[in-house]
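**Q** What follows is a structure written as structure tokens; I'll ask about it next.
The values are calculated or read from the model by the stated rules, or taken from the named source; none is laboratory data. Here the structure is a predicted model, which is why all the values come from computation and not from measurement. Glycine also receives a Cβ, built like all others from the backbone with ideal geometry; neighbour counts cover every protein chain displayed.
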Ligand SMILES: [Zn+2]
Ligand SMILES: [Zn+2]
């Protein structure tokens, strides 16, 4: 078992295309009990990730990602719990709030530093982002910076050039993707609260799941006319909302580098895609973003709907964020090809 990808070595090559002398050779697989224990520890403690250079580095670690599989299976609970207006409302609100945290903060703030905010709000949105089950903010930003550096090259872990499955979700299910490369996020790693959250990110969605169950049970007790329950809010607010949120987010890796239009001749395959921009609150203007990645705004034209940008403008009006980096005039005036 364990699907294995054919991928190029990530070690640097000498001009003669021979492995660089400094490259570390792949090591043999660790013994099975050690692998099982490490996978189980990784459920709770992301610091247990070893440098992925062994023979399993590109093989899906099904034991490690079992909680992620169960997250999907949990959606089937809808057969038993049914639906109610309040369950739909909670699922939609949690989708919107967490999508904004992912796009506005995990992406535009932590990965690209496209605006400034207080240390307190930085942590609040890091927590909401962690509730999305997309790992911690340092992990997310480190991998995303790596993506921009090597977009659609061999070293890009989620380029669609490696195939749809791998770009959509397969890449982060392998040990090569488990660790956080702190050298890429030194600016963020100086905050101990962010390092803690990055290590124990799973605590946040677990707490959210418990809170949803408790809220649903309380509503059922206090307000039976709402026709909801603990299990119903858990299935809709946690399982379904999180799975939809997850797959919407990763379309930017799997689909936004394949389908859409290209305004700018970037070195990668990024596209602008209106539908994906709606779904992901503005991230679908991905060709714009790869051309000029440091602005807080990704829809460069007035009609390029960018809900995250509008949300950030609102937070700026409220004085919660500041110094939103604009799209420079030379980018806006650039003639479309
Ligand atoms: Zn991209
Ligand atoms: Zn980016």
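**Q** Of all residues in the stretch 148-164 being in a helix (DSSP H, G or I) and touching a residue at least 40 places away in the same chain (Cβ under 8 Å), which is nearest to residue 66 (Cα to Cα)?
**A** The extreme case among them is 164.
**Q** Test each condition in (1) within 16 Å of ligand 2 (Cβ to nearest atom); (2) over 14 Å from residue 160 (Cβ atoms); (3) part of a loop (DSSP other than H, G, I, E, B) for residue 256 and report the one that comes out false.
**A** Every condition holds for residue 256 apart from (2).
**Q** Just to check your reading of the model, which residue among 107, 146 is surrounded by fewer than 24 Cβ atoms within 10 Å (Cβ to Cβ) and either within 16 Å of ligand 2 (Cβ to nearest atom) or under 11 Å from the mean Cα position of the chain (by Cα) (or both)?
**A** Details: 107 fails: surrounded by fewer than 24 Cβ atoms within 10 Å (Cβ to Cβ).
Answer to the selection: 146.
**Q** Determine which member of the set 224, 160 is in contact with a helix residue (DSSP H, G or I) (Cβ under 7 Å, 6 or more places away or on another chain) and farther than 21 Å from residue 49 by Cα.
**A** 160
**Q** For the stretch 274-296, how many residues meet the condition of being in contact with a strand residue (DSSP E or B) (Cβ under 9 Å, 6 or more places away or on another chain) and either more than 15 Å from ligand 2 (Cβ to nearest atom) or farther than 16 Å from residue 253 by Cα (or both)?
**A** Residues meeting the conditions: 2.
**Q** Give me the pairs, please: first residue somewhere in the stretch 123-147 and closer than 18 Å to residue 158 by Cα, second residue anywhere and more than 16 Å from ligand 1 (Cβ to nearest atom) and at pLDDT below 95, beta-carbon distance under 6 Å, and either six or more positions apart or on two chains.
**A** Sorted first by the residue in the stretch 123-147, then by its partner, the pairs are 138/180; 139/180; 142/180; 142/181.
**Q** What is the one condition in (1) within 16 Å of ligand 2 (Cβ to nearest atom); (2) touching a helix residue (DSSP H, G or I) at 6+ places or on another chain (Cβ under 7 Å) that residue 305 does not satisfy?
**A** Unmet for residue 305, out of (1) within 16 Å of ligand 2 (Cβ to nearest atom); (2) touching a helix residue (DSSP H, G or I) at 6+ places or on another chain (Cβ under 7 Å): (1).
**Q** Here is a follow-up. Tell me, which residue of the stretch 110-143 that is over 18 Å from residue 182 (Cα atoms) and under 10 Å from the mean Cα position of the chain (by Cα) is nearest to ligand 2 (Cβ to nearest atom)?
**A** Once the filter is applied, the top-ranked residue is 129.
**Q** Being surrounded by fewer than 16 Cβ atoms within 10 Å (Cβ to Cβ) and modelled with pLDDT of 95 or more: is that true of residue 184 here?
**A** no
**Q** Are any residues in the stretch 72-94 surrounded by fewer than 19 Cβ atoms within 10 Å (Cβ to Cβ) and either under 17 Å from residue 126 (Cβ atoms) or within 19 Å of the chain's Cα centre (by Cα) (or both), and if so, which ones?
**A** Scanning the stretch 72-94 gives 72, 92, 93.
**Q** Please find, among 316, 267, 329, the residue that is under 14 Å from residue 109 (Cβ atoms), surrounded by fewer than 18 Cβ atoms within 10 Å (Cβ to Cβ) and over 20 Å from the mean Cα position of the chain (by Cα).
**A** Just a single option satisfies the conditions, and that option is 316.
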